[in-house]
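Presented below is the structure to which this report refers.
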Ligand code: NZQ
Ligand code: ZN
């Protein structure tokens, strides 16, 4: 077992009506003027935005609004936000939305606190030294950005999607009311649940030499079962509070490192997916499912017993002691069958409505390998050629 670190500095307030505490919490973390950052229509339509603004007014805080964050958030909106915050002397950014809005808010926070071209930090040419304070009112259980140290942004120039993680990248607080997720379309609920599961799977498939603690495996396997059980309920009964609450808290725990230190994780599927959503604008969770099975079949021979453990402990598949690889493969198939059962595609063709061309495969692999300069994955290190092979298997 390697040494690990655990750092989870975000204050979470969870439950019904917690969004009405937004003003009080912004103030507690030093706000005098707040940027209320949001996405398309959902927060306006549901009345959430009005409730949050009322809470800010009641706390005696000034605020300005900036909406229009698109799924797979873009650099242009972040730069607009930075300009607005400077002009309006904003000192706190409140994200009202999902991973895209929170990540955009974090991007603005980094832009306010670090000099020069913001993209240089996402492109890993420079290192951030701070982030202006960000808080979140979460409206979808998925990305886990409310408690992760990451922001993922697409640069419209070249459609490159890149993550930026640092010890500064945590929200000060996250307000999490499961009722806010009742209005999610079924596909977003299912895609979000897939993302939650893959955050845990990425951590589960560490480098073979990096042994996990049994307690961490237990939390991870339980979390996977809990999401599977509750997404089925939420899809049938979108207003089932308990199911929505289980999913929402699983989403946060899946990406706050309680299911494993992210730095040990594999993350190959995330890297492969980021190029897909960068290029085709697909929902991130669905994109993960479209590559997960192909990735798993490509790498499982590195450590078949790890995949067999998933099969047995999550899907109750009997352990075949004569043929561990067979158990591993049954587990992979069971995971794919689960994704399909909630309406999530398991190939890129199904995801984008057409097969990838060889040219697109080459472009995706080129971008994913950072123009041939890096490998991805820890369970098995993947070269640009491996990446192309996986995209081809998944096409
Ligand atoms: O824009 P609106 O109208 O709000 O609609 C959104 C959007 O269309 C809608 N939505 C959100 N809450 C809703 C709702 N619709 C009805 N009712 C509600 N309560 O859902 C759509 C998707 O929203 P988005 O924020 O894009 O979803 P998600 O949370 O899945 O975020 C995805 C982004 O997060 C990144 C992904 O790459 C992607 O860009 N990730 C961020 C991570 C992080 N920061 O740690 C980790 C993840 O692995 C992921 O990469
Ligand atoms: Zn993810």
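Things worth noting here:
- Tallying residues that are at negative phi and away from ligand 1 (no atom under 15 Å from the Cβ) within the stretch 38-80 yields 13.
- The combined condition, being within 12 Å of ligand 1 (Cβ to nearest atom), modelled with pLDDT of 95 or more and outside the structural domain of residue 347 (by TED's automatic domain parsing), is not fulfilled by residue 191.
- Whichever residue in the stretch 84-103 is in a helix (DSSP H, G or I) and touching a helix residue (DSSP H, G or I) at 6+ places or on another chain (Cβ under 8 Å) and, among such residues, is nearest to ligand 2 (Cβ to nearest atom): 99
- Residue in the stretch 207-223 that is more than 15 Å from ligand 1 (Cβ to nearest atom), assigned to a helix (DSSP H, G or I) and closer than 21 Å to residue 271 by Cβ present: yes
- Residue tally, condition surrounded by fewer than 15 Cβ atoms within 10 Å (Cβ to Cβ) and touching a residue at least 60 places away in the same chain (Cβ under 8 Å), over the stretch 210-224: 2
- No other residue among 139, 183, 127, 154 is within 15 Å of ligand 1 (Cβ to nearest atom) and surrounded by fewer than 21 Cβ atoms within 10 Å (Cβ to Cβ) apart from 183.
- Residue 94 being buried (at least 21 other Cβ atoms within 10 Å of the Cβ) and within 14 Å of ligand 1 (Cβ to nearest atom): no
- Flag if residue 239 is over 23 Å from residue 164 (Cβ atoms), within 14 Å of ligand 1 (Cβ to nearest atom), part of a loop (DSSP other than H, G, I, E, B) and out of contact with any strand residue (DSSP E or B) (no Cβ under 9 Å at 6 or more places or on another chain): yes
The values are calculated or read from the model by the stated rules, or taken from the named source; none is laboratory data. Predicted, not measured: the structure shown is a model, and the values here were computed from it. Glycine gets a Cβ as well: all are built from the backbone with ideal geometry, and neighbour counts include every protein chain shown.
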